[in-house]
Amino acid sequence: MTIDWQEQAKKYRNQYLKDLKELISIPSVRDDDHKTDEYPLGEGPTKALLKFLSFGKRDGFVTKNLDNIVGYIEYGAGEETFAMQSHADVMPAGDGWETNPFVMTEKDGNLYGRGTSDDKGPGLAAYYGLRILKDNGIVPNMKIRLIIGTDEESDWTGMKHYFDVEPQPTLGFSPDAEFPLINGEKGNATYETTFGSSNGSEYTLKEFDSGLRLNMVPGNATALVETDDNEKFVDAFTDFLDKNPLSGDIKATGDGIAVHLIGKQAHAMAPENGVNAGTYLAAFLNQFNFEKDAQKFLSFIANYLHDDTRAHKIGADYVDDVMGDLTMNVGIMKFDFRKGGLVNTNFRYPKGTDDTKILQYLLKVADKLAGRVKEVGHMVPHYVDPSDPIVKTLLRVYSQQTGDTDAKPEVVGGGTYARMMKRGVAFGALFPGTQDTMHQANEFQPINDLLKAMAIYGQSIYELTAK
């Protein structure tokens, strides 16, 4: 069958935009503080899942909801399963938006809103790619499932549940990254370092707070400090702002001096793209005569973690010829003069090193500062050989539709659901040359890119399951 995939995609433009607008309007951030039996990960993620499944029911697909945390839209039959793994949850919006993050806004050919790029826009494009097959009467030779998770941005509870109760897919891709294709994902290890709560007298760190998620570079940081020399402290802060790439403000309150720094959010897989407000705030405060646990907390961040996305200072740096650099993101930093301090670090590491080695480097530094370290999350590196038919087929389709004959598979630091399948890769929908705004304020995706991705996904599904 000869199909003009890009012309097919254009026919769905208006319906696609209508559906995406509905998805974006749901603030599907995981919310454990308000979870219930009906909403195991909070109301938003479940409602976004149900909305996604409602599209499948409307369009005549088989759908299944697995306990309101994961579900799938199915087409075709057979012993083998081709899977596309997407997610309906999003990161917290954060500050700095020029539009309402949960109202999809079209401007200059771009769609703005939380989830337009990660991952509601691409996931819905994959759904419409599948719909092109169904609406053209193309019958696949295996089951095709679009699997929708609800907490990809945190613990993967939903997708893990799917793999616990459903068979392992034969092969597939996750539309949750970038084109041309990602066949390797670095290991992902997260550690929590804690400190006591004691302070000195000349400077008292009452509060320190930065970071929303482990996999985001913090764009904001605040601290509350008590000192007898307010003028010196304020002057130093003004000088610090003049010399560093952040904005901020400082004011006296009844409880002390409140400091606020504004950096730039970014995805933890490429922390060099952000400006970590938390580590910069620790670097500012570390120049003052804090004492005891407060000083150790600040010193750990300022002297060993700040401005070092490759972890040279703690000695964990590593480079692999195929998978590239180890990267480090300092995602959450908190101190309370009653409860103590906490620092969460997230490492994306290549083959050749591992989570145990990284832990030893952290322990060596933390021991000097009376800190305690434990590993709180880990996924091993994932790699699919470039000679695998899924890699070769997807690259060929991408090249045919874009004209990019030099396209090659890549290895990244991001972690997608694809790594849960032995023959799983990440495939779009961010095109080369398009600004990556995932996990950032003013997240967007060009409309034409999403329609092009829809066409690529449609042909890819056809080539792998029906041709």
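The values are calculated or read from the model by the stated rules, or taken from the named source; none is laboratory data. These figures come from a predicted structure and were not determined experimentally. Ideal geometry is used to build each Cβ from the backbone, glycine not excepted, and the neighbour counts take in all protein chains shown.
Here are the numbers:
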{"read-out": "Subset of the stretch 440-467 (residues that are outside any helix (DSSP H, G or I) and over 16 Å from E106 (Cα atoms))", "value": "Q440, A466, K467"}
{"read-out": "Matching option when the condition is under 22 Å from the mean Cα position of the chain (by Cα) and surrounded by fewer than 20 Cβ atoms within 10 Å (Cβ to Cβ), among D33, D67", "value": "D33"}
{"read-out": "Residue match in the stretch 286-297 (condition: touching a His at 6+ places or on another chain (Cβ under 9 Å) and at pLDDT 95 or above)", "value": "yes"}
{"read-out": "Flag for T238 being outside any helix (DSSP H, G or I) and polar (S, T, N, Q)", "value": "no"}
{"read-out": "Exclusive hit being of a type outside the set (S, T, N, Q), in contact with a Phe, Trp or Tyr (Cβ under 8 Å, 6 or more places away or on another chain), assigned to a loop (DSSP other than H, G, I, E, B) and crowded, with 18+ Cβ neighbours inside 10 Å, set F290, F284", "value": "F290"}
{"read-out": "Leading residue by the ranking (surrounded by the fewest Cβ atoms within 10 Å (Cβ to Cβ)) among those in the stretch 269-281 that are under 21 Å from D235 (Cα atoms) and aliphatic (A, V, I, L, M)", "value": "A277"}
{"read-out": "Selected residue (only one of D89, D31 is in contact with a Phe, Trp or Tyr (Cβ under 9 Å, 6 or more places away or on another chain) and under 27 Å from N215 (Cα atoms))", "value": "D31"}
{"read-out": "Among the residues listed as G200, G196, G158, the single one being buried (at least 23 other Cβ atoms within 10 Å of the Cβ), in contact (Cβ under 8 Å) with a residue 40 or more places away in the chain and among the small types (G, A, S)", "value": "G158"}
{"read-out": "Every residue from the stretch 1-30 that is in a loop (DSSP other than H, G, I, E, B), more than 21 Å from the chain's Cα centre (by Cα) and either surrounded by 14 or more Cβ atoms within 10 Å (Cβ to Cβ) or among the β-branched types (V, I, T) (or both)", "value": "T2, I3, Y12"}
{"read-out": "Residue satisfying condition, being assigned to a loop (DSSP other than H, G, I, E, B), surrounded by 15 or more Cβ atoms within 10 Å (Cβ to Cβ) and touching a residue at least 40 places away in the same chain (Cβ under 8 Å), within set T393, T437", "value": "T437"}
{"read-out": "Close pairs from the stretch 116-127: first within 18 Å of V103 (Cα to Cα), partner surrounded by 24 or more Cβ atoms within 10 Å (Cβ to Cβ) and charged (D, E, K, R), Cβ under 6 Å, at least 6 apart", "value": "T116/E443; S117/E443; D119/D176"}
{"read-out": "Candidate set: the stretch 412-423, residues that are surrounded by fewer than 24 Cβ atoms within 10 Å (Cβ to Cβ) and in contact with a helix residue (DSSP H, G or I) (Cβ under 7 Å, 6 or more places away or on another chain); chosen: the one nearest to Q401 (Cα to Cα)", "value": "R423"}
{"read-out": "Residue within the stretch 329-345 that is touching a Pro at 6+ places or on another chain (Cβ under 6 Å), polar (S, T, N, Q) and part of a strand (DSSP E or B) present", "value": "yes"}
{"read-out": "Where V62 falls short, out of the listed (1) surrounded by fewer than 17 Cβ atoms within 10 Å (Cβ to Cβ); (2) touching a residue at least 60 places away in the same chain (Cβ under 8 Å); (3) aliphatic (A, V, I, L, M)", "value": "(2)"}
{"read-out": "Looking only at the stretch 376-403, and only at residues there that are of a type in the set (G, A, S) and either out of contact with any strand residue (DSSP E or B) (no Cβ under 7 Å at 6 or more places or on another chain) or at pLDDT 95 or above (or both), the one that is nearest to F179 (Cα to Cα)", "value": "S399"}
{"read-out": "Yes/no for A221 being closer than 30 Å to L394 by Cβ, assigned to a strand (DSSP E or B), aliphatic (A, V, I, L, M) and touching a strand residue (DSSP E or B) at 6+ places or on another chain (Cβ under 9 Å)", "value": "no"}
{"read-out": "Neighbours by Cβ (under 7 Å, 6+ apart or cross-chain): first from the stretch 355-377, in the same structural domain as A316 (by TED's automatic domain parsing); second assigned to a strand (DSSP E or B) and surrounded by fewer than 16 Cβ atoms within 10 Å (Cβ to Cβ)", "value": "D355/E375; L359/E375; A366/R372"}
{"read-out": "Looking only at the stretch 404-422, and only at residues there that are under 20 Å from E153 (Cα atoms) and part of a loop (DSSP other than H, G, I, E, B), the one that is modelled with the lowest pLDDT", "value": "G414"}
{"read-out": "Tally, over the stretch 440-454, of residues that are among the aliphatic types (A, V, I, L, M) and buried (at least 24 other Cβ atoms within 10 Å of the Cβ)", "value": "3"}
